[in-house]
1. Would a scan of the stretch 81-104 turn up a residue that is under 21 Å from Pro26 (Cα atoms), touching a residue at least 12 places away in the same chain (Cβ under 8 Å) and among the hydroxyl-bearing types (Ser, Thr, Tyr)?
2. Do you know which residues across the stretch 125-147 are under 18 Å from Asn79 (Cβ atoms), in contact (Cβ under 8 Å) with a residue 24 or more places away in the chain and surrounded by fewer than 19 Cβ atoms within 10 Å (Cβ to Cβ)?
3. Just checking, does the stretch 2-11 include any residue being at pLDDT 95 or above and touching a strand residue (DSSP E or B) at 6+ places or on another chain (Cβ under 8 Å)?
4. Just for the stretch 47-85: of the residues that are over 11 Å from the mean Cα position of the chain (by Cα) and not in a loop (DSSP other than H, G, I, E, B), which one is modelled with the highest pLDDT?
5. For Lys152, are the conditions met, namely being within 14 Å of the chain's Cα centre (by Cα) and surrounded by fewer than 16 Cβ atoms within 10 Å (Cβ to Cβ)?
6. Hey, Lys24 hits all of (1) under 22 Å from Ala148 (Cβ atoms); (2) at pLDDT 95 or above; (3) out of contact with any Leu (no Cβ under 7 Å at 6 or more places or on another chain) but one; which does it fall short on?
7. Answer with yes or no whether Leu188 is in contact with a Gly (Cβ under 6 Å, 6 or more places away or on another chain), free of Cβ contacts under 8 Å to residues at least 60 places away in the same chain and either farther than 29 Å from Gly67 by Cα or not aromatic (Phe, Trp, Tyr) (or both).
8. Report, by residue number, each residue of the stretch 28-46 that is more than 18 Å from Val71 (Cβ to Cβ) and in a helix (DSSP H, G or I).
Amino acid sequence: MNSRDYKPNYGGGHFHVYNRGVNKLPIFLDDQDYQNFLYRARVLLGKVPPPKRTAKGGIRLRVLPHGLVEVLAFCLMPNHFHFLMKQNDVNGVMMLMHRLCTSYTKYFNKKYGRVGHVFQDVFKSKDITEDAYLTQLTGYIHLNPKKAFNWKYSSLSVYLGTSNDNMVTSEIFMKMHQISKSNYKAFLTKYYNPEILNAADLVYEE
């Protein structure tokens with residue numbers, strides 16, 4: 001497994017995508033920030049209608065081509081985020097992350113009266129080439145919070161079948177690895193084994 005940062009530039013691959021705040025500072029300070037980041041992601045992916053422009057301005061986002069990227073799992077933490085993505089076309093992940101982080105930075109700086117970078121750098125990514133690694137990575141992402149089963153800002157509830165989110169394509173993962181929503185919690189509590197993951201990829205923990 002290559003632990004170096006690998007910018008995805010081919011279609012059909014799976015990628016662990018992550019980033020954190022500059023100087024490890026928080027990038028989400030309240031519920032509105034978390035929800036705003038996810039809202040912008042959903043707009044870019046075409047999962048919700050883009051907001052209408054008004055005379056006073058508002059959000060301006062160019063929606064990505066349909067099906068360019070699929071989100072398999074995610075978790076937002078106070079000073080970082082994780083995504084597991086399937087890239088269906090060349091540079092889809094790069095396009096999504098550039099637009100999402102740029103748009104969110106403008107929102108964050110305006111809201112808190114600041115200037116400059118919000119994120120530490122351009123996003124980081126790992127190319128996932130092994131099925132066993134992909135399975136365990138969903139566990140790492142979902143268990144990032146200390147109280148993971150009560151954390152609102154991840155796709156864990158989708159995997160457990162307790163909520164719906166059209167941004168998350170959990171069925172791809174479930175079918176590929178023969179894990180159902182009824183036994184995903186058992187997988188996390190009994191069979192999740194982070195030793196399978198490359199230690200260099202276990203980044204930005206709470």
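The values are calculated or read from the model by the stated rules, or taken from the named source; none is laboratory data. What you see is a predicted model, and the numbers here were worked out from it, not measured in a lab. Cβ placement follows ideal geometry from the backbone for every residue including glycine, while neighbour counts extend to all protein chains displayed.
1. Yes, because at least one residue in the stretch 81-104 is under 21 Å from Pro26 (Cα atoms), touching a residue at least 12 places away in the same chain (Cβ under 8 Å) and among the hydroxyl-bearing types (Ser, Thr, Tyr).
2. Within the stretch 125-147, Lys146 is the sole residue that qualifies.
3. Of the stretch 2-11, the ones at pLDDT 95 or above are none.
Checked the stretch 2-11: no residue is at pLDDT 95 or above and touching a strand residue (DSSP E or B) at 6+ places or on another chain (Cβ under 8 Å).
4. Keep residues of the stretch 47-85 that are over 11 Å from the mean Cα position of the chain (by Cα), which gives 47-69, 78-79.
Restricting the remaining residues to those that are not in a loop (DSSP other than H, G, I, E, B) gives 54, 57, 69.
Details: Thr54: 58, Gly57: 58, Val69: 94.
Looking at the filtered set, the residue picked out is Val69.
5. Values: within 14 Å of the chain's Cα centre (by Cα): yes; surrounded by fewer than 16 Cβ atoms within 10 Å (Cβ to Cβ): yes.
Criteria met by Lys152.
6. Condition (2) is where Lys24 drops out.
7. Numbers: in contact with a Gly (Cβ under 6 Å, 6 or more places away or on another chain): yes; free of Cβ contacts under 8 Å to residues at least 60 places away in the same chain: yes; either farther than 29 Å from Gly67 by Cα or not aromatic (Phe, Trp, Tyr) (or both): yes.
For Leu188, the condition - in contact with a Gly (Cβ under 6 Å, 6 or more places away or on another chain), free of Cβ contacts under 8 Å to residues at least 60 places away in the same chain and either farther than 29 Å from Gly67 by Cα or not aromatic (Phe, Trp, Tyr) (or both) - is met.
8. Looking only at the stretch 28-46, we keep the residues that are more than 18 Å from Val71 (Cβ to Cβ), and these are 29-33.
Correct list: Asp31, Gln32, Asp33.
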